[in-house]
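Could you have a look at this structure, given as structure tokens, before my questions?
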Amino acid sequence: MLRGLLMFKSVMKIINKTFSKEEEVEVIFSGRLVVNNEISPARVILKEAAALKKAKQYNEACEKLILAFESDDAHDLMLKERLRLPMYLQLAKRSEEGWRSLCEINEKFRDTVSQAEISNQMRIFLQKEKKFKVALVYTVWSMCKELERDKRNIRNCMQHADMIASTNSNHLHIPIKNRKSYGETPKGNVITDSAFQLFNDRIDSSVSIIFISGRIITLLKKLKKSEDLDMISRSISEYLKSNDDYNFSDVEELIESN
């Protein structure tokens, strides 16, 4: 694993020196390197859809997006590009289809990074529908998903540190020379990845009352409940801190009880 990591870094240095900024370089982690100066057919269709949306031809834009997602190279599209369809459908006054599309995306992309992005997009969709109470539920749910993502990232940092230690006994229990330590794994191995501190800081911030208040104040104003901001923020903070496995029905109940 360590040898593979070092080889990858070496390849990236070669890539950076070899290719100019004008060239599009696509690195696939299976080990294949593709240099491509052309935009993929799916993204060409996405650009056409964006132009139609700008012209307020929303139904036509939706059909273009669907065509892009059905193309042979659709697997290269990013999640944020797939999330355009629900929002375009909403603009086309086809909100039921838009919400159904969001739910389908939510079922398909289950990794923690995607779930954080999708839950927030659901919140945006509901807010545009002026369904403010349900949007508040999804605001809290997106906080849960963001915490799950960052906790997963912390576990990954720990696993990586343990992997490094297992390949070189010099890494075990002592700081690596000229590298700052950001913590230790449960096994006592040093974590030198600065992202570990970033993820921990982000979690601490995410469960704070100040941060939560900033996330929910707009919706509480819409619901004419801004006077309850502190109480609701404290309830949400307590829930986020006291749970590792978050449940959507629990979040619904939390909002309903406030």
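Fully extended, how many nm does the chain gain between Ala50 and Glu129 (0.36 nm per residue separation, minus their Cα-Cα distance)?
Working: separation 79, 0.36 × 79 = 28.44 nm, distance 2.16 nm.
Between Ala50 and Glu129, full extension yields an extra 26.3 nm.
Could you calculate the FRET efficiency of Glu107 with Asn168 from 1/(1 + (r/R0)^6), where r is the beta carbon distance between them and R0 is 35 Å, rounded to 0.05? Don't skip to the answer; put the middle values down first.
Values: r = 42 Å, r/R0 = 1.20.
Result of the calculation: an efficiency of 0.25.
Filter the cross-link list Lys54/Lys93; Lys93/Lys131; Lys145/Lys222; Lys128/Lys241; Lys80/Lys241; Lys54/Lys131 down to pairs whose alpha-carbon distance in this structure exceeds 21 Å.
Correct reply: Lys145/Lys222; Lys128/Lys241; Lys80/Lys241; Lys54/Lys131.
With the calculation restricted to Cα positions, what are the radius of gyration and Dmax of region 133-257 in angstrom?
According to the Cα coordinates of region 133-257, Rg and Dmax are 18.6, 60 Å.
In nm, to one decimal, how far is the Glu184 label point from the Ser257 one, both placed 7 Å along Cα→Cβ?
3.8 nm
In region 50-101, which trypsin sites (Lys or Arg not before Pro) fall in coil by DSSP and have 14 or fewer other Cβ atoms within 10 Å? Don't skip to the end; give the middle numbers.
On the way: sites: Lys53, Lys54, Lys56, Lys64, Lys80, Arg82, Arg84, Lys93, Arg94, Arg100; in loops: Lys56, Lys93, Arg94.
Here the sparse-neighbourhood loop sites are Lys56, Lys93.
Related question: DSSP loop (so not H, G, I, E, B), at most 14 other Cβ within 10 Å: list which GluC sites (Glu not before Pro) in region 53-109 pass both filters.
Working: sites: Glu60, Glu63, Glu70, Glu81, Glu96, Glu97, Glu104, Glu107; in loops: Glu70.
Answer in residue order: Glu70.
Okay, next question. For region 133-257, with the dipole built from +1 on Lys and Arg beta-carbon atoms and -1 on Asp and Glu ones, taken about the Cα centre, which of Leu223, Val137, Val190 lies farthest toward the positive end?
Highest projection toward the positive end goes to Val190.
Within region 119-224, report the GluC sites (Glu not before Pro) that DSSP leaves as loop and that have at most 14 other Cβ atoms within 10 Å. Spell out each step's value before the answer.
Values: sites: Glu129, Glu146, Glu148, Glu184; in loops: Glu129.
Listed in order of number, the matching sites are Glu129.
Taken together, the values in this text are just the output of simple stated rules run on the coordinates, not laboratory data. Note that the coordinates shown come from a computational prediction; the quantities given were computed from them, not determined experimentally. In this analysis, Cβ positions are derived from the backbone assuming ideal geometry, glycine residues included, and neighbour counts consider all displayed protein chains.
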